[in-house]
1. Exactly one of these conditions fails for residue 339: (1) touching a helix residue (DSSP H, G or I) at 6+ places or on another chain (Cβ under 7 Å); (2) within 18 Å of residue 18 (Cα to Cα). Give me its number.
2. Going through 403, 419 one at a time, which residue ends up being open to solvent by 40 Å² or more (accessible area, probe 1.4 Å) and part of a helix (DSSP H, G or I)?
3. Report the residue count in the range 1-28 for those that are modelled with pLDDT under 75, in a helix (DSSP H, G or I) and open to solvent by 30 Å² or more (accessible area, probe 1.4 Å).
4. Any residue at all in the range 213-230 that's of a type in the set (D, E, K, R) and assigned to a helix (DSSP H, G or I)?
5. Identify, from the list 369, 331, 297, the residue that is under 26 Å from residue 393 (Cα atoms), open to solvent by 20 Å² or more (accessible area, probe 1.4 Å), within 21 Å of the chain's Cα centre (by Cα) and in contact (Cβ under 8 Å) with a residue 60 or more places away in the chain.
6. Which members of the range 250-277 meet the condition of being among the aliphatic types (A, V, I, L, M) and open to solvent by 20 Å² or more (accessible area, probe 1.4 Å)?
7. How many residues does the range 230-245 hold that are closer than 13 Å to residue 79 by Cβ and open to solvent by less than 100 Å² (accessible area, probe 1.4 Å)?
8. Being aliphatic (A, V, I, L, M), assigned to a helix (DSSP H, G or I) and either modelled with pLDDT of 90 or more or crowded, with 21+ Cβ neighbours inside 10 Å (or both), is that true of even one residue in the range 314-322?
Amino acid sequence: MDEKKQSVQIDNKVFYRNLARLALPIALQSLMLAAVAAADALMLGKVAQDEMTAVSLATQIQFVQNMFLAAITAAGAILGAQYWGKGDRHTLEDIFNMMLRFCGIISVLFFLACEFLPELLMHIFTQDSTLIALGSAYLRIAGWSYLLTGVSQCYLTMMKVSDHVKPGAIISSGAVILNICLNLIFIFGLLGAHRMQARGAALATTLSRVVELVLCIIVSAQSSYIRPAFPRFFRLPRQLKGDFIRQCLPLMGGSLCWGVGFTSYTAIMGNMGNDAAAANSVAAVARDLICCMCNGIGSAAGILVGNELGAGRLEKGKAYGIKLKNISYAIGFLSTALVLAVTPFVVKMVILTEQAQSYLTGMMVIMSIYMIGRCVNTVTINGVLDGGGDTLFDMYSLIVCMWVIAIPLALTGAFVLHWSPLAVYACTCLDEVGKIPWVMARFRKYKWVQDLTR
């Protein structure tokens, strides 16, 4: 059946209502999380360029941790959405248990690394002794928040797939607002607090994570919510565990390829001088803020498609996937226009040298083209394909487009051919745009149209 005939089967009113019900709270949640990074950059940018740059580099550690957590919770979301569509609460509790076990291990490992090896971690991103000292001080405090993040993300994921997306978004957004308020207090020393600058941003993050986790536990105590089944925490069904691992491993590979690749981009730019590193830090914050809507639609796409496939309505799930893929292009072009529109304001928001401002302007223009690929791939790969269990493709595409093409080209340009920072930055944006034809070819094979439940 062709795409035109598939779209006729959709009740557009119901489709868009459900998409908005899921996508808007998730997009708000994504926006609020990105707002923390923006607040750190803006507030620390008012203190000093080095403080802002050091924290931006240090938070790459959490970015890598989030790649592990994202793979685990995404596997839980894929299976969870389908079992929720099937109406199987008992299996959802087992999925919750698995997420908690795996995320807990990751969180402990990153916590220990931040507490005992912060200087070594900072050396990955910069050789500047000032930035290393500032970033290490940040990590020793922020490491405590990394210990809690994995647990709270499991709760928020289960809320998202079990029709409690709005309370989850409120909790996450409330924690972000608290984080920003505490940033003001501890970075600048307001209300009688000690002026802590970069360390203040770390303390604000940690305290807000504590509040977020407590609220997740309290809200999930209600009877309509899915909670961990602690009596059978260590007795997971072997077949379900196998299904979970089969989804998780490709997602983990894809997340690590993407996460370590993005961290490599940051490390490459960080070693091209403080001006290039500072400009890249601000551009990254702008990118994350503008990507919020495509993140929300991508997550919603996985849930909508997964619900239909898990309920056995394969043709309707296929039709939903086709419509969502088409929507991703519209979001991409809107994001391009938005990046270009906000560029003058972004350049003037923080204190940068004249050279750094010039780099930032060029990076924003390059990013505007990148946004088309980012939006299309987020919705199509991380939403539709993953929602149907086609999780291997993301890893394959990242290995080829990012690790075989973009990263070697950026490394060669930066350290062998000595290109300008803008030319190197353009290399780091190649992977998303370049793989669109491959993504579309994979999409049309419809391997993602499958029921994963048992």
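The values are calculated or read from the model by the stated rules, or taken from the named source; none is laboratory data. Note that the coordinates shown come from a computational prediction; the quantities given were computed from them, not determined experimentally. Glycine also receives a Cβ, built like all others from the backbone with ideal geometry; neighbour counts cover every protein chain displayed. Surface accessibility is based on the protein's heavy atoms, side chains included, excluding ligands, DNA and RNA. Shrake-Rupley method; radii C 1.70, N 1.55, O 1.52, S 1.80 Å.
1. Failing condition for residue 339: (2).
2. Values: 419 fails: part of a helix (DSSP H, G or I).
Going through 403, 419 in turn, just one is open to solvent by 40 Å² or more (accessible area, probe 1.4 Å) and part of a helix (DSSP H, G or I): 403.
3. Pass one, the range 1-28, residues modelled with pLDDT under 75: 1-9.
Cutting the leftovers down to in a helix (DSSP H, G or I) gives us 3-8.
Checking which are open to solvent by 30 Å² or more (accessible area, probe 1.4 Å) leaves us with 3-5, 7-8.
Adding up the residues that qualify gives 5.
4. Our first condition is that a residue be of a type in the set (D, E, K, R); within the range 213-230, this holds for 227.
Checking the rest, the ones that are also assigned to a helix (DSSP H, G or I) come to none.
The answer is no; no qualifying residue exists.
5. Details: 331 fails: in contact (Cβ under 8 Å) with a residue 60 or more places away in the chain; 297 fails: open to solvent by 20 Å² or more (accessible area, probe 1.4 Å).
Exactly one of 369, 331, 297 is under 26 Å from residue 393 (Cα atoms), open to solvent by 20 Å² or more (accessible area, probe 1.4 Å), within 21 Å of the chain's Cα centre (by Cα) and in contact (Cβ under 8 Å) with a residue 60 or more places away in the chain, namely 369.
6. If we filter the range 250-277 for residues that are among the aliphatic types (A, V, I, L, M), which is where we start, we get 251-252, 256, 260, 267-269, 272, 276-277.
Across the range 250-277, the qualifying residues are 252, 256, 260, 272.
7. Let us first name the residues in the range 230-245 that are closer than 13 Å to residue 79 by Cβ, namely 236-237, 239-245.
Going one step further and asking which of them are open to solvent by less than 100 Å² (accessible area, probe 1.4 Å), we end up with 236-237, 240-245.
Of the residues in the range 230-245, 8 are closer than 13 Å to residue 79 by Cβ and open to solvent by less than 100 Å² (accessible area, probe 1.4 Å).
8. Within the range 314-322, one or more residues are aliphatic (A, V, I, L, M), assigned to a helix (DSSP H, G or I) and either modelled with pLDDT of 90 or more or crowded, with 21+ Cβ neighbours inside 10 Å (or both).
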